[in-house]
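Since the structure comes first, as structure tokens, the remarks are kept for the end.
None of the figures in this text is laboratory data; all of them are computed from the coordinates on show. Here the structure is a predicted model, which means the values were calculated and not measured. Note: ideal-geometry Cβ built from the backbone for every residue, glycine included; neighbour counts use all protein chains shown.
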């Protein structure tokens, strides 16, 4: 819908129902829903809630708010895991070139009872393809980043690790950031909570 008008969550529901009614999913091996990680809005969680999805892969990075969002999404998966049968297949680290990023996300994954299924390096080929409204594989199928996406696809296809997530508390997330040197020990709590409050304020606006 137009920004400021209507409900995007309702748009997700309407779109999926329309596609199903018109046979868009017939004879397909995979259906992928790329939705916002805003589990506060029930519409965005519709593929999970209505048993449209079996596997969830959370795209995150080593940035604090991305990890905060990943943990919140894990809470949403947990909510519907027993009624909808959905499982968390892993975290995909979309690198922002944060210090110790790979190790940080691997540890977050461990605490969430899952795996970091793949680490995607930062590559300008993504932005170049995006400006041309193309995927990386369309834009430059021989690029190193194209191979990264092929590797990710194979890992997802072969993945058998489907778990119910174990979201962590805010204090545990704060301590994880401290342990990896993301924030200082004496300011971790205020930084994490202030950023979370800012995100909530933006959502309200």
- Task: Return the whole-Å distance between the Cα centroid of region 79-100 and the Cα centroid of region 107-182.
- Result: 9
- Under a plain spin-label model, where a point goes 7 Å from the Cα along Cα-to-Cβ, how far apart in nm are residue 106 and residue 54? 3.0
- Message: Rg and Dmax in Å for region 78-143, alpha carbons only: what are they?
- Response: 15.7, 43
- Apply 1/(1 + (r/R0)^6) to the Cβ-Cβ distance of residue 149 and residue 171, taking R0 = 45 Å, and write down the FRET efficiency to the nearest 0.05. 0.80
- What is region 23-109 by shape, rounded, prolate or oblate, if you read a ≥ b ≥ c off the alpha carbon gyration tensor as root eigenvalues and call it rounded for a/c under 1.5, prolate for a/b larger than b/c, and oblate otherwise? prolate
- Gain upon complete extension [residue 15, residue 124; 0.36 nm per residue less C-alpha separation]: 36.1 nm
- Could you tell me whether region 136-177 comes out rounded, prolate or oblate from its Cα gyration tensor? Rule is a ≥ b ≥ c as square roots of the eigenvalues, rounded for a/c under 1.5, then prolate if a/b exceeds b/c, otherwise oblate. oblate
- Full-stretch length increase - residue 179, residue 97 - with 0.36 nm per residue and alpha-carbon distance subtracted: 27.7 nm
- Task: Specify whether the C-alpha gyration tensor of region 1-150 places it in the rounded, prolate or oblate class, a ≥ b ≥ c being the square roots of the eigenvalues: rounded for a/c under 1.5, otherwise prolate if a/b is larger than b/c and oblate if not.
- Result: oblate
- Query: Applying 1/(1 + (r/R0)^6) with R0 = 30 Å to the Cβ-Cβ distance of residue 63 and residue 164, what FRET efficiency is obtained, to the nearest 0.05?
  - Reply: 0.70
- Note on the structure: Least to most buried among 7, 93, by other C-beta atoms within 10 Å and fewest first, runs 7, 93
